[in-house]
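For reference, the structure discussed in these notes is given below.
The values are calculated or read from the model by the stated rules, or taken from the named source; none is laboratory data. None of the values given here were measured: they were computed from a predicted structure. Neighbour counts are summed over all protein chains in view; Cβ atoms, including those assigned to glycine, are modelled from backbone coordinates with ideal geometry. To get the accessible areas, we keep the full protein, side chains included, count just its heavy atoms, and leave off ligands, DNA and RNA. Shrake-Rupley method; radii C 1.70, N 1.55, O 1.52, S 1.80 Å.
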Amino acid sequence: EEEEEEEEEETPTSPETRAGQWNTEEDADAAPVVSRFQPRRTPGPQMDLMSNHSPSELFLLFFAADTVKTMCDNTNRYAAKNQANGKKYKWAELDTEELYRFFGLLIYMSLVQLPSVQDYWRQNHFLSVPTPAKVMTRDRFRTIMWNLHPSNPEEDVKNDKKKGTPGYDKLSRLRPVYDDILNACQAYYQPKRELAVDERMVPTKAKTGMTQYMKDKPTKWGIKLFVLAESSSGYTVSFSLYTGKTHTASEHGLSYDMVMKLIQPSYLGTGYHIYMDNFYTSPTLFKDLASKMFGACGTYRESMKGCPKGRPNALTKKSGRGSVRWIREGPVVFVKWMDTREVSVCSTIHPAFSGETVQRKVKNEVKRWIVKDIPCPTPVMAYNKYMGGVDLSDQLIQYYSAQRKTYRWYKTVLMHLVDIATANAYILHQELCKAKGVKPMTHKDFSVEMASQLCSVDMAGVPRRKAAEHIPVSISAQQNARNGRLQCRHCLQVNKVRKDTQWKCEGCDVPLCLLIDRNCFAQWHK
């Protein structure tokens with residue numbers, strides 16, 4: 001008991017706070033002890049900063065070859081299953097290169113928007129565009145879209161039998177790709193100190209237990225995605241798909257669980273500042289985050305358990321614009337500020353008021369509008385500055401979104417994962433250019449180049465030749481040449497002699513000697 005009394009005496013609070021009254025901006029609030037910023041890695045891209053990375057290479061960090069190979073195998077299985085069930089369409093085995101071209105076309109369609117998918121393959125028409133037909137046929141694009149399936153159909157059948165039990169995985173049809181992309185988001189970038197938590201709606205009206213209706217969102221129908229994003233850039237650090245009510249009751253509620261799930265010291269480190277709105281904010285969450293050495297700041301609802309209410313000296317409707325009230329309870333400071341309406345913010349990072357002001361238009365004594373500096377609490381200033389991380393990410397995604405209408409919810413979410421990958425790839429490009437001191441591409445130019453590279457079409461719209469392997473092949477078997485021989489390129493350019501050879505490289509299409517005493521093939525490829 002004596003130790004507890006000593007701890008209470010050391011807490012930097014004013015007598016009014018201990019008495020449970022609201023303080024004003026004239027009362028001093030001691031700055032809280034903030035945990036030292038200790039990230040797991042140096043903030044920024046986790047790759048060679050001086051190397052050149054093309055847009056498609058940055059995209060492939062998130063949709064790696066192994067991930068895409070798994071999708072191809074499962075899509076082929078799903079197509080075979082559909083054909084066995086009587087579906088009438090031609091199907092050829094899908095490989096990774098073709099699936100990358102499919103993703104490239106999705107990004108191309110976000111840049112060149114036409115009313116329907118069929119319009120991209122129209123010939124001799126006012127809406128005709130040349131590129132899609134050079135990448136793949138219309139029917140091939142449609143059959144890939146119909147059969148696109150991230151998970152193994154046999155595993156889906158086993159999982160569906162568990163429906164209604166705790167062992168049922170609602171994300172099984174998306175799980176292989178979902179986990180890989182989530183891990184890639186965390187692996188290739190270490191965020192800076194300020195992070196924001198918010199939800200995002202993936203638009204769909206598919207009849208699934210995960211579909212939500214939110215009247216206050218621009219996208220009212222969809223699947224809810226909880227997102228952790230870097231405040232300054234909008235990089236999506238982590239995300240979690242809301243799958244509906246669980247079989248086990250939550251001790252602190254959904255909002256508490258989601259923040260704790262997104263904020264993991266194992267990959268982040270400690271000392272991060274997390275900003276959130278009143279859906280997530282609670283004194284319990286803020287205190288638990290403080291115990292894990294994370295700072296937090298967010299708006300709060302007065303009805304929330306543990307928040308001060310009914311205290312003396314509170315704000316009223318007659319309080320002047322710029323009036324400030326605050327109460328500190330342990331590590332949490334609760335602040336109320338009168339703007340056009342009352343604003344309530346709490347924080348474990350900031351003091352209540354540090355003398356900041358904002359400009360507002362107000363009427364003077366003669367009823368004329370003037371610009372006036374009014375006091376603004378420190379947590380409110382920080383919240384306005386750093387809360388927009390997820391909104392910034394949404395903005396980047398909405399500029400060029402790969403979303404297409406589909407009846408399958410998992411395809412809708414898969415295309416949103418493509419959007420996350422493209423937005424994160426562009427942010428990585430910006431950060432890499434900043435490290436090298438060069439000007440980054442615009443978002444549009446980056447997306448155009450990425451789509452071009454994924455589609456294997458150059459910027460002039462000419463399909464690139466597929467690269468063959470570097471293996472020696474006989475010239476006489478490939479073309480008609482005099483005596484089946486051509487001049488060795490290595491001998492001519494390097495040794496300055498003219499030597500004929502009957503071998504060439506299949507990948508380079510270059511004639512090269514292949515003899516025991518003159519292996520120009522090996523020397524050329526060094």
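The table that follows gives values for the structure above.
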item: Region 317-340, residues that are under 16 Å from Phe286 (Cβ atoms) and in a loop (DSSP other than H, G, I, E, B); result: Gly330, Pro331
item: Search result, residues across region 1-41 that are part of a loop (DSSP other than H, G, I, E, B), modelled with pLDDT of 80 or more and more than 15 Å from Phe334 (Cα to Cα); result: Glu26, Val33, Val34, Ser35, Arg36, Phe37, Arg40, Arg41
item: Residue that is modelled with the lowest pLDDT [pool: residues in region 68-125 that are small (Gly, Ala, Ser) and farther than 21 Å from His443 by Cα]; result: Gly86
item: Condition check for Ser110: open to solvent by less than 90 Å² (accessible area, probe 1.4 Å) and more than 16 Å from Val448 (Cα to Cα); result: no
item: Residues of region 215-240 that turn out to be closer than 23 Å to Met260 by Cα and open to solvent by 10 Å² or more (accessible area, probe 1.4 Å), as a count; result: 4
item: Leading residue by the ranking (most open to solvent (accessible area, probe 1.4 Å)) among those in region 268-287 that are touching a helix residue (DSSP H, G or I) at 6+ places or on another chain (Cβ under 6 Å) and part of a loop (DSSP other than H, G, I, E, B); result: Phe279
item: Among residues of region 36-55, those that are in contact with a helix residue (DSSP H, G or I) (Cβ under 8 Å, 6 or more places away or on another chain) and either within 30 Å of Lys309 (Cβ to Cβ) or among the small types (Gly, Ala, Ser) (or both), counted; result: 2
item: One residue from Ala290, Ala296, Ala314 being open to solvent by less than 10 Å² (accessible area, probe 1.4 Å) and either aliphatic (A, V, I, L, M) or in a strand (DSSP E or B) (or both); result: Ala296
item: Residue list for region 387-405, restricted to those being in contact (Cβ under 8 Å) with a residue 60 or more places away in the chain and closer than 24 Å to Trp146 by Cα; result: Tyr400, Ser401, Ala402, Gln403, Arg404
item: Subset of region 60-101 that is surrounded by 17 or more Cβ atoms within 10 Å (Cβ to Cβ) and among the aromatic types (Phe, Trp, Tyr) - its residue that is farthest from the chain's Cα centre (by Cα); result: Trp91
item: Among residues of region 324-346, those that are hydrophobic (A, V, I, L, M, F, W, C) and under 34 Å from the mean Cα position of the chain (by Cα), counted; result: 8
item: Selection count where residues are touching a residue at least 12 places away in the same chain (Cβ under 8 Å), within 21 Å of Phe279 (Cβ to Cβ) and surrounded by fewer than 24 Cβ atoms within 10 Å (Cβ to Cβ), scope region 337-348; result: 4
item: Residue check for Lys215: outside any helix (DSSP H, G or I), in the same structural domain as Thr284 (by the TED database) and either more than 27 Å from Lys287 (Cβ to Cβ) or in contact with a Phe, Trp or Tyr (Cβ under 7 Å, 6 or more places away or on another chain) (or both); result: yes
item: Flag for Ala435 being open to solvent by less than 10 Å² (accessible area, probe 1.4 Å) and under 20 Å from Gly44 (Cβ atoms); result: no
item: Qualifying residue in region 42-59 (condition: touching a strand residue (DSSP E or B) at 6+ places or on another chain (Cβ under 8 Å), modelled with pLDDT of 85 or more, open to solvent by less than 30 Å² (accessible area, probe 1.4 Å) and more than 21 Å from Val177 (Cβ to Cβ)); result: yes
item: Every pair of residues 6+ apart whose Cβ atoms lie under 8 Å, when the first sits in region 357-375 and is surrounded by 11 or more Cβ atoms within 10 Å (Cβ to Cβ) while the second is among the acidic types (Asp, Glu) and part of a strand (DSSP E or B); result: Thr357/Asp373; Val358/Asp373
item: Qualifying position, being hydroxyl-bearing (Ser, Thr, Tyr), outside any loop (DSSP other than H, G, I, E, B) and not assigned by the TED database to the domain that holds Leu171, among Tyr383, Tyr410, Tyr426; result: Tyr383
item: Residue within region 448-455 that is in the same structural domain as Thr96 (by the TED database), open to solvent by 50 Å² or more (accessible area, probe 1.4 Å) and not in a helix (DSSP H, G or I) present; result: no
item: Matching residues in region 128-160 - criterion: being assigned to a loop (DSSP other than H, G, I, E, B) and surrounded by 11 or more Cβ atoms within 10 Å (Cβ to Cβ); result: Ser128, Val129, Met136, Thr137, Leu148, His149, Pro150, Ser151, Asn152
